[in-house]
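Participant: Quick one: the structure is below, and I'll ask about it shortly.
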Amino acid sequence: MSRPWVRELVVSFAAVILALVVGAVLIIVSDADVAATWGYFFSYPPDALQASWTAVSDAYTSLFLGALGGWKPISETLVQATPLICAGLGVSLAFRAGLFNIGAQGQLIAGALCAGWVGFSFELPVVVHLLLALAAGLFGGAVWGGLVGLLKARTGAHEVILTIMLNYVALYLLQWLLTTDVLQRPGRNDPISPVVEQTAQFPNWPGTRLHLGFLVALLAVAAVWWLLARSTTGFQLRAVGANPEAARTAGMSVGRAYTIAMLAAGALAGLAGAQQVLGTDYPLTDGIAGSVGFDSITVALLGRASPIGTVVAGLVFGALNAGGLQMQLQTQTPLTLTTVLQATIVLFIAAPALVRAVFRIRAEGTGTVLAKGWNA
Amino acid sequence: MNDATTTLTRETAPVPATLESPDERRRRIRMGVLALVLAGIGVLLAAFTAPETVTFALSGQLADSPLSAIKLPALPVALALAACTVAVALAHLLRGLSGRLGVLLWAVFGLAFVVTFLCWAAAGKTFPLTNQLQGTLNLATPLILGALAGVLCERAGVINVAIEGQFLAGAFAAAVLATVTGSLLAGVVAAVLAGVLIAAMLAVFAIRYRVNQVVLGVVLVVFASGITGFLFDQFVKGESAKFNNPGVMSAVPIPVLSSIPVIGETFFRQTLLVYTMYAAVAIVTFVLFKTRWGLRVRAVGEHPRAADTVGIKVLRVRYQAVLAGGVVAGLGGAFFTVGFTGGFDKDLTAGQGFIALAALIMGRWHPLGATIAALFFGFTQQLQGQLQIIETPIPSELLIMAPYLATVVAVAGLVGRVRAPKADGEPYVKG
Amino acid sequence: MKLELRGLTKRFGSLVANDHIDLTVESGEIHCLLGENGAGKSTLMNVLYGLLQPDEGSVLLDGEPLTCTSPGAAIAAGIGMVHQHFMLVPVFTVAENVMLGRERTRGLGVLDQRAARTLVRELSERYGLAVDPDARVEDIPVGVQQRVEILKALANEAKVLILDEPTAVLTPQEIDELIEVMRALKRNGTSVIFITHKLKEVRAIADRITVIRRGKVVATVAPDTSESELAELMVGRPVQLQVDKRAGTNLGGAKLAVEGLDVVDPQGFLAVDGVSFEVRGGEILGIAGVQGNGQTELVEALMGLTAAASGSVKLGGRELVGAGPREHLEAGIGYIPEDRSHDGYVGTFSVAENLILDLHSRAPFSRNGTLSPAAIRANAAQRVEEFDVRTQSVETEVSALSGGNQQKVVLARELSRPLELLIAAQPTRGLDVGSIEFVHNRIVRERDQGTAVLIVSTELEEIVALSDRIAVMYRGRIVGIVGPDTSWDQLGCMMAGIPPEEAAQQAEENPTVLGALEDAHE
């Protein structure tokens, strides 16, 4: 228990267990048949316990097998984790610079939009096309994120509000463009774009949906690690994030740091968008982002805003998503349960004191403080 | 000797006149340029306005009376109003507008811009003004309630990003309970309890466990979305008649007042929830600024330690304020189902909770300011629907963006003068 | 009311902040609690006031045991406190601040504003503490804010009044007024506990003095104890009261020239109003003045942290107005900010990282945008050694160090480059005597190397001890620049805005208690 990271790992693990307990309770109370057995619990307890155990263990078994039970499920977990890791890195990076990037969703949409457009509008040689589409995705996300950084730097507007609003603007922009000639597939009336050319698609691992984008995500992790830990720019971002006044007094430009952080965060979310459209979806729809942008916030929180932590958290959430789909198929337990699980995990992790109280873990040190209120 | 020193320290130097700091000047110029760009758009619209008559239909009740519609020559009116906007923008750019006159002139600017826009969009057509106003009020009702909930929390020093989550929980609880019990009132009560439940989670995690409040708010929204979605999928979806058919509250016209043309139809022919919203605005404003509890709420939001040192239980006051906010937000949630659509669907609040948050900030953490901002958002949202009906050249997806873009502009333009409660978002630790 | 503390003990983890404190304050006594920063005075008073709970010991009020679990209970028992950092809500009016926590209502919880206003007027007349009940606290000067704090305590009919470092925001003349107020209270039978680390004022004010060192009561003595004796009791070793500062011999030409500098604050007021002065190489210019008279804004403008509205700042002939902090640092300015935890260091960064905060993008600490951890560590080891920073390792977070060591980190960083000008704002605020000596000696040493030094301090003692010339600021203007041997009383009058000659005359006609002591000492 002495090392901080061991302690955090224990707390994280405990939080996952607690969340699973909450989920189990939900499964039990929402299943009409199981709930019925609790009606006569006091006259014949075994029925209720047996039925509850079966319902919960069935659901969680299919969740587990769907996430990790063989190469196919594992590959599906990696597919789900890929965009979460990238967008989560963006959120983490912004956190480290003291910014709440609630805007991964919008940045991801902007990235997907640009990458998709390059992907189906041009005919180019194999490698070139993919790289160009990828670059377009990074660019789109960077613009959407950088805009926030720039506005914050120049006017002091709070990034939480800006990013929330730009999420909606991005979504409606995509919806609108999908009804115009720019993006809409010829001959279709519904909002869907043409399919991305083969030359711009990420190559797949044979027989699975796992694509090269996962390796790109790992490269991004390494790059962000280097940026934060070893570069002067990262030094500035961290200093500004921890104490902007002191950073300014030491001659750093706080506005520049904000802009760089949001440009990079946007580019990372844009990369996630590119992975979605070039790796799994191929045509653009207004559901391209799913809830990846929002989930990435919880991923970043679970990962304690560190690059390595974000990878682990992305994999955990990816597993929950992949397993949740199987769980829904096999036991009719709705996929939305995984959303509840994810929120609960993060809630418990954000309140380590609560988890410690539940598991009677000895308290030591304080949690990480990320950023403060509107005036900060 | 004491007299001598007393006069010394109360030096009679005149209070210096206020000046403009470089930051302030930069902000004024930025805002002025922005306003000028908007005004420029207004002038463009006016220039392209068809020289026809624009009709603002007022009331079905008064079909044949001269009050049934306002008819205006679109082009000259648009040009004149566009000129007004340019004048206000220039005045701000060159001199700076402040104080009461400033507020008034900005109101003129906004109104002139909107009417210019309407003249351009509806030239030669009929724009249903009363519909627009009624729709505005309907769309604004939950926004106002949500923003008031935010005001209560944040004045006490707890950031509430979870309004969306409170809406969802309230909307779901209202729909299900109203259907099951057959009583809309029971639905509303359930919504209030659901709002309070989310508020209680917010309060416990923010106040007791000192979780970062922006993070917490985001997570609570995900949580509420997940849990309402899960319960909806699990047993509501398949059996709508049994669980999700609450019906909609009917309008209760207020005698006399409801027969006033336009105003009566807009404000006094509404559901009980809308009347509750009126009351909520008045009550929250009064309580915050005129009562002992309000003074204490504001004290713990500004300087909790000062409140502590005079014997106020900081955490208790914060709990109270957050939970009171939950009540108001729950009412807002109820409006989505039993007050308006008559049924729950997954994520049916569609981000309105975040718009309420924006209204709270644009309204500068003041209940009346938040109300006005919420009305503005309601207005643009309703306008989008109306313009779709009268077929204007603007795609409705672009108009849908208007409130969000307006918020970005407002937050970027107004910041600096806007000040959140000093201790907003900071957990209080004794000692 | 008679107050007794018996064996009061308060621990924070392994640190014992108060170690079995015994203290008796008689009814109608002004009892001074003397101790250096960090000795545990404020902790003791926070325990007494119910803000902290004691681990052991008891409090007796007129012989009755008292347990204060909250400030509310303390107030009810008749204990009032004027905090060092005022406990006032800035956006509230004076009347609102006074009524907070004891609001009178007109039924249904509706505030009775009129009653509050009347109460403020009555109290302020009775004790001669003039305030406007409708003024917003953030708009009134700090001296007046202190009156509001005292009024708050009086409104609760305090029988024991605790004043925590109350003189920090006052001129010597205002301190005299405060002494008058305390004597009036004493006549009413109120007991006053006066907390301070300043030797002079305890002798002028106290009936009895209790000295606290490292959480323990060292002695209770009479006010005629000599200053050096008090100092030795307070610090635990003989202390040299004067800084060893011979007049600068290495006097160069004017390095810093400020001309007609105006700074406008966010509220639109002229915070710095036409300030002009020069500082020569090898000279220390001290800027005196009560807190909040434009010193902060002046320093920020000199560092490029706040944009000047007009005027000129030249360093070695080069214009700096319009340049940012980066350019100022590169021009050779070292800066010790007044609030070190806010502006001076990054608390969550290591000592090593903080030591290169402004140099990280230069060789050898980084090359081509990549940091060199080895060079950063080597630099840190050297600085920590040279400046005697007490830290477990150079990787320790700065927030884990004591205040004195944090300030040494800032000092080590700022003095590690060749400087043209050193700006030190409140360089010893909150430090213990040992650290104060260290900081003062390093500043004087920097001056002796020919650097121009600008010191801003609200502690008149520090200004007088260090400066070669003294400029006094009042309401954004420089009232006058005078020599280092100017009397306290004259400086005090200047701090209230009176021009030097008139101030000299006034000072002679109305000597203050403190001033008399101080000037006698010299």
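Read-outs throughout are calculated quantities, based only on the coordinates presented, and are distinct from any laboratory measurement. Nothing here was measured: the structure is a model prediction, and the numbers come from that model. All Cβ positions, glycine included, derive from the backbone under ideal geometry; neighbour counts span all protein chains shown.
Participant: What is the set of long-range amide H partners of C:Ile287 at a cut-off below 5 Å, with H atoms built 1.01 Å from backbone N?
Facilitator: Close amide H contacts, sequence-distant or interchain: C:Ile455, C:Val456, C:Ser457, C:Ala471.
Participant: Turning to a different aspect of this structure: What are the ³J(HN,Hα) values, in whole Hz, obtained from phi via the Karplus relation 6.51 cos²θ - 1.76 cosθ + 1.60 with θ = phi - 60°, for each residue of segment B:359-376 in sequence order, with x given for Gly and Pro?
Facilitator: 4, 4, 6, 4, x, 6, 6, 10, x, 6, x, 5, 4, 5, 4, 5, 4, 4
Participant: Return the sequence-ordered ³J(HN,Hα) values of segment C:410-424 in whole Hz as given by the Karplus equation 6.51 cos²θ - 1.76 cosθ + 1.60 applied to θ = phi - 60°, using x for Gly and Pro.
Facilitator: For segment C:410-424, the Karplus curve yields 4, 4, 4, 5, 5, 8, 8, 10, x, 10, 9, 9, 10, 10, 10 Hz.
Participant: If you don't mind, there's one more thing I want to ask. Please report, in debye to the nearest 20, how large the charge dipole of chain C is about its Cα centre when each Lys and Arg carries +1 at its beta carbon and each Asp and Glu carries -1 there.
Facilitator: 1200 debye
Participant: In whole Hz and in residue order, list the ³J(HN,Hα) couplings for segment C:345-362 that follow from phi through the Karplus curve 6.51 cos²θ - 1.76 cosθ + 1.60, θ = phi - 60°; x for Gly and Pro.
Facilitator: 8, 9, x, 8, 8, 6, 4, 4, 5, 5, 6, 10, 3, 9, 10, 5, 8, 10
Participant: What is segment B:24-124's relative contact order, in percent, from Cα pairs under 8 angstrom and six or more apart in sequence?
Facilitator: Averaging sequence separation for qualifying contacts and normalising by length gives 40 percent for segment B:24-124.
Participant: Give the shape of chain B as rounded, prolate or oblate, defined through the alpha-carbon gyration tensor: a ≥ b ≥ c are the square roots of its eigenvalues, a/c under 1.5 means rounded, and otherwise the shape is prolate if a/b is larger than b/c and oblate if not.
Facilitator: In terms of gyration-tensor shape, oblate.
Participant: Compute the distance from the alpha-carbon center of segment C:125-139 to that of segment C:170-245, in whole Å.
Facilitator: Answer, in whole Å: 28.
Participant: What net charge do the residues around C:Ala352 carry, taking every other residue with its C-beta under 12 Å from that of C:Ala352, with Lys and Arg at +1 and Asp and Glu at -1?
Facilitator: Charge balance in the 12 Å sphere: 0.
Participant: Let me ask something additional. In terms of modelled amide H atoms, which long-range or inter-chain residues lie less than 5 Å from the amide H of B:Thr53?
Facilitator: B:Ala74, B:Gly124
Participant: Moving on. Output needed for chain C: three equivalent-ellipsoid semi-axes, defined as square roots of 5 times the C-alpha gyration tensor eigenvalues, in descending order, whole Å.
Facilitator: Those come to 39, 28, 24 Å.
Participant: While we're here: Could you name the lysines in cross-link range of C:Lys255, using Cα to Cα under 24 Å and dropping any fewer than eight places away on the same chain?
Facilitator: In chain and number order, the partners are C:Lys245, C:Lys314.
Participant: Decide, for segment C:151-257, between rounded, prolate and oblate: order the square roots of the alpha carbon gyration tensor eigenvalues as a ≥ b ≥ c, take rounded if a/c falls under 1.5, and otherwise choose prolate if a/b is larger than b/c, else oblate.
Facilitator: Note, shape of segment C:151-257 comes out oblate.
Participant: Principal axes first, then extents: for the Cα atoms of segment C:254-521, list largest minus smallest coordinate on each axis, whole Å, largest first.
Facilitator: 64, 40, 35
Participant: At a 10 Å Cβ-Cβ cut-off, how would you order B:Glu154, C:Glu232, C:Glu501, fewest neighbours first?
Facilitator: Neighbour counts put them in this order, fewest first: C:Glu501, C:Glu232, B:Glu154.
Participant: While we're here: Taking a cut-off of 25 Å between Cα atoms, list the lysines near B:Lys242, but don't count ones fewer than 8 places away on the same chain.
Facilitator: In chain and number order, the partners are B:Lys346.
Participant: Report the charge-dipole magnitude of the protein assembly as shown in Debye, nearest 20, computed about the Cα centre from +1 at each Lys and Arg Cβ and -1 at each Asp and Glu Cβ.
Facilitator: 2360 debye
Participant: Ok, one more. Quick one: Cα centre-to-centre distance for segment A:208-231 and segment C:434-460, in angstrom?
Facilitator: Using only Cα atoms, the two centres lie 50 Å from each other.
Participant: What number does the protein assembly as shown give for Rg over Rh if you use C-alpha atoms and the Kirkwood radius?
Facilitator: 0.98
Participant: Okay, next question. Alpha carbon centre of segment C:249-321 versus segment A:252-287: separation in Å?
Facilitator: 45 Å
Participant: Round to the nearest 10 and give me the degree value, 0 to 90, for the angle of helix C:142-155's Cα axis relative to the longest principal axis of chain C.
Facilitator: Once rounded, the angle reads 20 degrees.
Participant: What ranking do A:Thr180, B:Thr126 get, fewest neighbouring Cβ atoms within 10 angstrom at the top?
Facilitator: A:Thr180, B:Thr126
Participant: With the cut-off at 20 Å, tell me which of the pairs B:Lys430/C:Lys186; C:Lys10/C:Lys41; C:Lys10/C:Lys216 have Cα atoms farther apart than that.
Facilitator: B:Lys430/C:Lys186
Participant: Which values of log₁₀ I(q)/I(0), to two decimal places, follow from the Debye formula for segment A:4-359 at q = 0.09, 0.10, 0.12, 0.13 Å⁻¹ with a uniform point scatterer at every Cα?
Facilitator: -0.54, -0.65, -0.89, -1.02
Participant: Right, something else. Under 5 Å between amide H atoms, partner at least 5 residues away or on a different chain: which partners does B:Asn245 have, H built in plane at 1.01 Å?
Facilitator: Residues meeting the criterion, in which the H sits 1.01 Å from N, are B:Thr179.
Participant: If each residue's Cβ is checked for other Cβ atoms within 10 Å, how do C:Phe86, A:Phe348 rank with the fewest at the top?
Facilitator: Neighbour counts put them in this order, fewest first: C:Phe86, A:Phe348.
Participant: Need the list of lysines near A:Lys72 for cross-linking: C-alpha distance under 26 angstrom, and skip anything on the same chain fewer than eight residues off.
Facilitator: none
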